[in-house]
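The values are calculated or read from the model by the stated rules, or taken from the named source; none is laboratory data. On a predicted model such as this, the values are computed, not experimentally measured, just so you know. Cβ sites come from the backbone with ideal geometry, for glycine too, and all protein chains shown count toward neighbours. These area figures cover heavy atoms from the full protein model, side chains too; ligands, DNA and RNA do not enter into them. Shrake-Rupley method; radii C 1.70, N 1.55, O 1.52, S 1.80 Å.
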Amino acid sequence: MKYFLAILCLIATTTANAVPYSSLYKSHREFNYDDLVIEVQGYKVPTRAAFRGWVLMNHNEDIIAEAYNYFIEQGVKETMPLHLVLLQGTDWRVSNTTIFNLPKRTNWDNMIRTLLFIQKHVSPKTGLLIPVSGDRSKEYNIHAGGAPRSSHLDFCALDLVPIDNISRPELHKILQEIYRTVGKKNKMGLGLYSGVRFHIDTCGHRQW
C-alpha cells in the first residue's frame with residue numbers, strides 16, 4: 001500500500017511541475033501574433049501581454065508603475081487601455097523601431113490633459129476609443145510621415161479609433177461639434193484621417 005501511495009505522490013508532483021512549463025515545449029515551427037495583438041477597426045493593436053513583455057525586457061517596471069499611479073492620481077480613468085498611450089503606431093513591424101516609446105517625465109502632464117479632455121468631451125459622445133498611436137520617437141515619427149513638430153513627440157497626442165459601429169460622417173460630425181464648442185478654450189488639435197481614425201491633442205488649437 002505504501003508503494004502505491006508513493007507512486008501517486010510522484011505522479012501528482014510530476015503533473016504539478018509539468019503544467020507551468022508546458023508552454024516552453026510548444027512547437028517553434030508555427031509563429032503568429034494571436035497572443036500579442038488584437039484587431040481593432042483593421043489595425044493590429046498590441047495586448048497587455050505584449051506590453052508586459054516590453055516592460056520586462058527593457059527593465060521599465062518602476063517607471064511604468066510610477067507613471068500609472070501618477071495618471072490615476074490626476075483623475076485619468078481606465079476607460080481605454082492606458083498602455084496604448086505609449087504605442088508608437090500599428091506599423092511598428094516595418095518601421096525598424098520599437099513597438100512602444102517611453103516619454104519624458106516632463107511631458108506626462110501633456111498626455112494627462114489630453115486624456116482628461118477625451119474623458120470629458122469626446123468618449124461620452126463617440127463611445128469607447130482605442131489608441132492606435134501615442135508617444136513617438138523622432139525616428140518613428142519620420143517613418144509615419146508625421147509633422148516635424150508633431151504633438152506626438154511631446155506625449156500630447158493620440159490617434160484613436162472607436163470600438164462602436166459608428167459611421168465616418170457621424171463621427172466627423174461629432175468631432176467637429178466638439179471642436180467648435182470647446183476646442184478653442186482647451187487648445188484642441190483635431191485631425192481627421194481615413195476611415196474612422198482621428199487625432200486629438202491639447203497642445204494647440206488647429207484642425208486638419
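Summary of values
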| quantity | calculated |
| --- | --- |
| Inter-probe distance in nm under a simple model that places probes 7 Å from Cα toward Cβ, at HIS59 and GLU177 | 5.2 nm |
| Highest-first arrangement of 73-79, 139-145, 196-202, where packing means the average Cβ count within 10 Å | 196-202, 139-145, 73-79 |
| Accessible area in the full protein assembly, largest first, 1.4 Å probe, for HIS205, HIS59 | HIS59, HIS205 |
| Charge sum, other residues only, whose C-beta stays under 15 Å from ARG136's C-beta, Lys/Arg counted +1 and Asp/Glu -1 | -3 |
| Accessible carbon and sulfur surface of region 155-208 relative to its total accessible area, %, 1.4 Å | 52 percent |
| Virtual spin-label span in nm between TYR193 and LYS125, 7 Å along Cα→Cβ | 2.1 nm |
| Overall form of region 89-172 per C-alpha gyration tensor (a/c, 1.5; a/b vs b/c) | oblate |
| Whole-number accessible area per residue in Å² for region 162-207, which is evaluated in the context of all protein chains at 1.4 Å | 54 Å² |
| CYS203 - accessible surface, heavy atoms, 1.4 Å probe, Å² rounded to 10 | 60 Å² |
